[in-house]
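Input: a single structure, listed below in structure tokens.
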Amino acid sequence: MNFLQKWPEPVVPVQHLSDTGIRVIPGRYVKKPSERPSNVESAVSDINIPVIDLHELYSEDQLLSQRAASLIDSACREWGFFQVVNHGVSHDLMVRTREAWREFFHLPMEEKKKYANSPSTYEGYGSRLGVEKGISLDWNDYFFLHYLPMAIRDRKKWPALPVSCRELIEKYSEEVVKLGEKLMKILSVNLGLRENYLSEAFGGDDNGACLRVNYYPKCPQPDLTLGISPHSDPGSMTLLYPDENVSGLQVRHGTIWLTVNPLPNAFIINLGDQLQVVSKGKYRSVEHRVIVNSVKERVSLAFFYNPRGEMPIKPAEELVSEEHPALYPCMTFDEYRLYIRKRGPSGKIQVESLKSHP
Ligand code: OGA
Ligand code: NI
């Protein structure tokens, strides 16, 4: 992966631009008119993505639990996105973890720059996705770290400040992984597969899990740019803890971009490209993007559940027959994710381009 050793240009944290009080954003952040948040295709509407009460799913009442399972199934088919409440992750831990990260982003730049990342692994503090020179940039700084597999977890690469940060990351991730495992079981059963199918297909105990903490500073011209350009997440499933006080995430639903209204203490779950491949398109990853604003910063924690890097991923054999061909080729996740790492967010181009048309 030699081409990924260094960024092609000096990286300027967006927070730095925001803090200098500029009124006009640099040209590299200005999107083409058709890609701006306010283009005519976009609409903010009252519809929200489905909300699932996980408490109901585990209820003794069979009717209630079946209803919850089928709500998840239709959310996966129709939206690729849903929110979960009563999910078992401690609310207090969620808030403390997010606020510790906010503190990190408010540390002096010299402190954060100690963790400056490179495109070889993306681990650390960064502001850029994609290594092509002259690429369009998003209004976002982030911190990216590996939690699983255990063999590549390295706490020394996580922020040492604020002092509670490393411990909170560990506790938070441990609980989020438990929630992720529960959801993988539900999705497997909903797809007509064995309960452990998806978890095993993605590498079992050796699957990957990464945390990307996004920081979106205030932006003087929010109508011209995006916090993250349209993309689908490359991995299996994402558990997003957004800033409840500031909306920003938009989900593509047909031809419109819908602004998600985050519920307090909920997780926003979305399916990644690898789930689309394994489920042979029964479930689909869905494009999403982030808009920014001029009044409030926003912090979000995106926990990515990923296949183990060397694991070949292919459509579930149970879903493939002569009449219903596999549609997607077999590929490892390490190979798959090079695309987004090189090119940056590119809608759903990658997963769609793999598809064969029988
Ligand atoms: C991501 C992402 C959404 C958000 O990090 O992949 O889509 O609301 N984040 O920050
Ligand atoms: Ni995403």
Single residue of the stretch 259-284 satisfying the filter (over 15 Å from Val246 (Cα atoms) and over 16 Å from the mean Cα position of the chain (by Cα)) that is most open to solvent (accessible area, probe 1.4 Å) | Lys282
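Run down Val295, Val299, Val246 and say which single residue is within 25 Å of Phe105 (Cβ to Cβ), more than 16 Å from ligand 2 (Cβ to nearest atom), in contact with an Asp or Glu (Cβ under 8 Å, 6 or more places away or on another chain) and hydrophobic (A, V, I, L, M, F, W, C).
Values: Val295 fails: in contact with an Asp or Glu (Cβ under 8 Å, 6 or more places away or on another chain); Val299 fails: more than 16 Å from ligand 2 (Cβ to nearest atom).
Going through Val295, Val299, Val246 in turn, the sole match is Val246.
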Which one is most open to solvent (accessible area, probe 1.4 Å), of the residues in the stretch 150-171 that are within 22 Å of the chain's Cα centre (by Cα) and of a type in the set (Val, Ile, Thr)?
-> Ile152
Out of curiosity, is Ala116 loosely packed, with under 14 Cβ neighbours inside 10 Å and either in contact (Cβ under 8 Å) with a residue 40 or more places away in the chain or closer than 16 Å to Gly344 by Cα (or both)?
-> yes
Hits in the stretch 45-63 (condition: free of Cβ contacts under 8 Å to residues at least 24 places away in the same chain and loosely packed, with under 15 Cβ neighbours inside 10 Å) | Asp46, Tyr58, Glu60, Asp61, Gln62, Leu63
For Thr255, state whether it is open to solvent by less than 20 Å² (accessible area, probe 1.4 Å) and away from ligand 2 (no atom under 16 Å from the Cβ).
-> no
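Can you say whether Arg289 is open to solvent by 50 Å² or more (accessible area, probe 1.4 Å), on the phi < 0 side of the Ramachandran plot and at pLDDT 90 or above, as far as the supplied structure shows?
Details: open to solvent by 50 Å² or more (accessible area, probe 1.4 Å): no; on the phi < 0 side of the Ramachandran plot: yes; at pLDDT 90 or above: yes.
No; evaluated as a whole, the condition is false for this residue.
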Which of the residues spanning the stretch 225-236 are in contact with a Gly (Cβ under 7 Å, 6 or more places away or on another chain) and away from ligand 2 (no atom under 11 Å from the Cβ)?
-> Ser236
Criterion: modelled with pLDDT under 90, open to solvent by 40 Å² or more (accessible area, probe 1.4 Å) and hydroxyl-bearing (Ser, Thr, Tyr) - qualifying residue of Ser321, Ser346, Ser294 = Ser321
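Out of the residues in the stretch 331-357 that are in a loop (DSSP other than H, G, I, E, B) and touching a residue at least 40 places away in the same chain (Cβ under 8 Å), state the one that is nearest to Pro119 (Cα to Cα).
First pass over the stretch 331-357, keeping only residues in a loop (DSSP other than H, G, I, E, B): 344-346, 348, 355-357.
Keeping just the survivors that are touching a residue at least 40 places away in the same chain (Cβ under 8 Å) gives 344-346, 348, 355.
Numbers: Gly344: 11, Pro345: 14, Ser346: 17, Lys348: 21, Lys355: 27 Å.
Per the criteria, the residue is Gly344.
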Extreme residue, surrounded by the fewest Cβ atoms within 10 Å (Cβ to Cβ), among residues of the stretch 95-113 that are in contact with a helix residue (DSSP H, G or I) (Cβ under 8 Å, 6 or more places away or on another chain) and closer than 15 Å to Asp19 by Cβ = Met109
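The values are calculated or read from the model by the stated rules, or taken from the named source; none is laboratory data. Computed from a predicted model, the values in this text were never measured in an experiment. A quick note on method: Cβ atoms are made from the backbone with ideal geometry, for glycine too, and the neighbour counts reach across all protein chains shown. The accessibility values were calculated without ligands, DNA or RNA, using every heavy atom of the protein model including side chains. Shrake-Rupley method; radii C 1.70, N 1.55, O 1.52, S 1.80 Å.
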